[in-house]
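Every number here is computed from the coordinates shown, using simple stated rules; none is lab data. In this text, all values refer to a predicted model and were calculated from it rather than measured experimentally. Cβ placement follows ideal geometry from the backbone for every residue including glycine, while neighbour counts extend to all protein chains displayed.
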Amino acid sequence: MIALSETPRLVEPTTAVRISYLTGEQADMRARGSDTSWLTAASTDFDGFVADRVGVRQRWGVPSTLFWFVSGEHYLGTLVVRHRLTEDQGGGHIGYHVVQPWQHRGHATRMLAQGLVIARSAGVDDALLTVDPANEWSRRVIIANGGAPEEGLNHEGEQRFWIRS
Ligand SMILES: CC(C)(COP(=O)(O)OP(=O)(O)OC[C@H]1O[C@@H](n2cnc3c(N)ncnc32)[C@H](O)[C@@H]1OP(=O)(O)O)[C@@H](O)C(=O)NCCC(=O)NCCS
């Protein structure tokens, strides 16, 4: 396994991790059987791809910020903070993924811990997270960060967890 020389941290998207972002996302998409065509555009103009992702943007109709989990030249995953909930509260305040080659090493658990600090500084005191009940690994990430489940499922069939400040 590749040794990481720096503790991974959430940073704004950066061209400094071009190679590892593209190869990591490609490996992840292929492992999930997902469409990789967006990577062609990203690899052709990575500067533009990154520029479109920096800062607070309207996504899903609400202000949100993207972060990449990075150690030196290595990109490990992505986390998004929605500064407020969408009208139907789908997706909650925070979403994330760790790319397949870096999974099962505690990165998502630590990434969410950092994401909660960022979310609080953006005014999200109590964070809602939603997860497919079959996604045991993500449920564990949320519970390890203090997530308390609500009864039942939301309109998307997802379980809702609150992480209170
Ligand atoms: C869910 C996901 C974020 C977990 O990332 P990760 O970095 O592997 O998570 P961690 O290493 O912090 O592990 C979290 C828990 O899952 C378990 N886990 C993770 N990968 C596992 C594997 N391959 N086999 C068995 N258990 C696994 C860990 O043991 C840990 O449980 P524990 O705390 O009881 O030991 C990652 O699999 C992913 O990105 N999946 C696709 C996108 C997704 O589901 N996003 C979340 C949407 S809510």
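List the relative contact order of the range 9-163 as a percent without decimals, with contacts defined as Cα pairs under 8 Å and 6+ residues apart.
Working: 244 pairs, mean separation 29.4, N = 155.
This gives 19 percent for the range 9-163.
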Positive-end residue, the range 9-163 charge dipole about Cα centroid, Cβ charges, pick of V98, T36, V131:
V98
For the chain, calculated [θ]222 nm from helices alone, where every DSSP H run of n ≥ 4 adds -39500 (n - 2.57)
-9500 deg cm²/dmol
Checked the range 1-70 with the C-alpha gyration tensor, a ≥ b ≥ c its square-rooted eigenvalues, rounded below a/c of 1.5, otherwise prolate if a/b is larger than b/c and oblate if not; verdict oblate
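Starting from the exponent 0.38 and prefactor 2.2 Å, build the expected Rg for the chain from its residue count and divide its actual Cα Rg by it.
On the way: Rg = 15.7 Å, N = 165, 2.2 N^0.38 = 15.3 Å.
Against the compact-globule rule of thumb, the ratio is 1.02.
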If the chain between S165 and T23 were fully extended at 0.36 nm per residue, the gain over the current Cα-Cα distance would be 47.5 nm
Looking at the range 25-112, which GluC sites (Glu not before Pro) are in a loop (DSSP not H, G, I, E or B) and have at most 15 other Cβ atoms within 10 Å?
E73, E87
